[in-house]
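Since the structure comes first, as structure tokens, the remarks are kept for the end.
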Amino acid sequence: MNENAEHSAAAHPEVAPPVKSRGDLRQKALTEELSQLVDVVDPGPLVDLLLVRAFDLHATDLHLDPVEEGLRVRLRVDGMLHDIVRLPPRVMPNVISRIKLMAGMDITERRVAQDGHIANIAGRDDRDVRVGSGPTIHGERLVLRLMPGHSEFASFEDLGLTEPQAQKIRRLMESPYGMVLSVGPVGSGKSTTMYTCLEHLNDPVKSLATIEDPVERRIEGANQIQVDMRIEFTFVEALRGVLRQDPNVLMIGEIRDAETAQIGCRAAMTGIVVLSTLHANDAASTVDVFHQFGIAPMFIAESVRGIMSQRLLRKVCEHCRETFHPDRSTCEILGKKPDEAESFELARGRGCEHCFYTGYHGRTGVFEIMSISGTVRDAILEGKRQHEIRHMAVEQGMQTLEMVARRKVLDGQTTVEEMHRVLSSLGD
């Protein structure tokens, strides 16, 4: 421990150090900064600083977990949680109350889960925070979702789509009606993809509407609707109302139930472009999810124009990047012959202060895009099984998630280990 760190620990013995993360300098700097402020500032400035630093580090989530020793503070960066600091028990109630007050939540209620929203963060006027609370055995827990800036809309290529995939998406967006879905697990970037599609369709001559829970980004030119379960204003109720308001483009934040799926499909068949997200393992399995919702094969084939399945892979850090020749097993994973190992190089990160000593910095998307046309459409109409539909889609030129991920490994964007971590569930 260096002299400054020793001094900080001696001056603030109640502030427990974070769990070791291989000596990340940025974590240490933030830990020391927060530790030094605990005794000298009110909870307000402390919380403001924590939020500003979280945005500076491009975190997507801030976790405040009560433990016996106080309040464990963690940031999620590039999909992974990192310990930052443990605040002492004496400041925990004030910090929790401060955040709940900012989010418009009931600070006297600690026994049930609550949702809140913070707008216009100090120094980040275009950034919003979604707050969720809930009771634990050690006290109240808060999770803050740090939303992207309202003007931050990536191009299709910036999302990680290959050029042929980006062209395919643009063709799907040109359809006069029909549904386009983005599917994948939680945290796979589905909402970002849908917002990019919506921004692509944003035209003054069109009427755009969204139904969201919650509204994640504000879009100029779109009529954005927030559902509210407290007054039973659900996706279904909002959807029925919007369809009477002559929309050209409708984004449904998520299809969660059979009734929303039914209404969305009917809307897509009657002249509206419908964008939505869904929890499904891959593009072909989405058809099975619709079957479970009770949607007839004919309605799936007629209403759905395309399905995008996606995942996010961490990228190799450019600051500590190094190249190497793969071993025999790695060659097999990448579809290469072992005797080709010396003919190409892969990349990995050694770990440095820029990447939390993980070897990764930033993320890129991997996609598979299944157009509902030709033999794929016929297979859906005939009630074919998931693996048969997938096989036909590949024959029609669909690049699978595994194909695209392998290409990104070979291009040096990510690693075999990261590909395996993210895509291992596809074999289930």
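Quick notes
- Note on the chain: dipole from Cβ charges, positive end direction compared against Val215, Leu423, Met147; the farthest Cα belongs to Leu423.
- Normalised by residue number, the volume inside the convex hull of the Cα atoms of region 219-370 is 196 Å³ per residue.
- In this rough spin-label picture, where each label sits 7 Å from Cα along the Cβ direction, the Arg145-Glu417 distance is 3.0 nm.
- Separation of the Met229 and Ala113 label points, Cα + 7 Å toward Cβ, nm: 0.6
- Note on region 163-427: along the principal axes its Cα atoms extend 62, 45, 34 Å, ordered by decreasing extent.
- Footprinting exposure proxy for Phe290, Phe233, Phe324 (fewest neighbouring C-beta atoms within 10 Å first): Phe324, Phe233, Phe290
- For region 227-292, the percent of C-alpha pairs falling in each 10 Å distance bin, counted from 0 to the bin holding the largest distance, reads 20, 53, 26, 2.
- Overall Cα dimensions of region 110-243, principal axis frame, Å, largest first: 52, 34, 30
- Calculated P(r) tail over 16 Å for region 181-265, as whole % of Cα pairs: 52
- Under the criterion of Cα pairs below 8 Å and six or more residues apart, the relative contact order for the chain equals 13 percent.
- Convex hull volume of the C-alpha atoms in region 146-194, normalised per residue: 101 Å³.
- Subtracting the Cα-Cα distance of Leu57 and His291 from 0.36 nm times their residue separation leaves 80.0 nm of extension gain.
- In this structure, the pairs whose alpha-carbon distance is over 21 Å, taken from Lys336/Lys408; Lys168/Lys384; Lys315/Lys337; Lys168/Lys408, are Lys168/Lys384; Lys315/Lys337.
- Potential lengthening of the chain between Ser329 and Asp257 amounts to 21.6 nm, from the contour at 0.36 nm per residue minus the alpha-carbon distance.
- The relative contact order of region 167-309, computed from alpha carbon pairs under 8 Å that lie at least 6 residues apart in sequence, is 36 percent.
Every read-out reported here was derived from the displayed coordinates using simple, explicitly stated rules and does not represent laboratory data. In this text the structure is predicted, and so the values were computed from the model without any measurement. So basically every Cβ, Gly included, is an ideal-geometry build from the backbone, and we count neighbours across all protein chains shown.
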